[in-house]
Amino acid sequence: MKTLLICGAEPVPPALRDLIDRGSTSVKVEQAADAGTGRPEPVDRVVFWSSTSDEALQRLVREYARKEEADHRELIVFVTPGRGHAGASAGLSPNEVYEWPRDEDRLRMAFLTGA
């Protein structure tokens, strides 16, 4: 699975990054503020990580959610360290939203089984 990891201002926790790496054939990392500036490469999964409310990241989530709906396929994984960022994941299905590290087992199953 080719994965695009889009991060907010805070770095991805090492254990989460390891899980993403092991569940992907390749990982491209972009900062939310810089993402989407070039020609997008085709990917199988887009992972969003943010520990704060980030307007650039929220905009990207909305854009990818519209594309996902138009393409009739699930593409997005949204990971946050708490429930305080529900607005950023608005429009995503519950199986696309994870709280780290609480949902680590659920996320591990999704990544390592290719779900």
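Within the range 85-104, the residues that satisfy the criterion of being modelled with pLDDT under 85 and either within 24 Å of Asp34 (Cβ to Cβ) or touching a helix residue (DSSP H, G or I) at 6+ places or on another chain (Cβ under 6 Å) (or both) are His85, Gly87, Ala88, Ser89, Ala90, Gly91, Leu92. Look at the range 55-73 and say how many of its residues are without any contact (Cβ under 8 Å) to a residue 24 or more places away in the chain and either within 13 Å of Ile6 (Cβ to Cβ) or of a type in the set (Asp, Glu) (or both). Matching residues across the range 55-73 total 6.
If the condition is being outside any helix (DSSP H, G or I) and surrounded by 17 or more Cβ atoms within 10 Å (Cβ to Cβ), then the range 31-64 contributes Ala32, Ala35, Val43, Arg45, Val46, Val47, Phe48, Trp49, Ser50, Ser51, Asp54.
The values are calculated or read from the model by the stated rules, or taken from the named source; none is laboratory data. Predicted, not measured: the structure shown is a model, and the values here were computed from it. All Cβ positions, glycine included, derive from the backbone under ideal geometry; neighbour counts span all protein chains shown.
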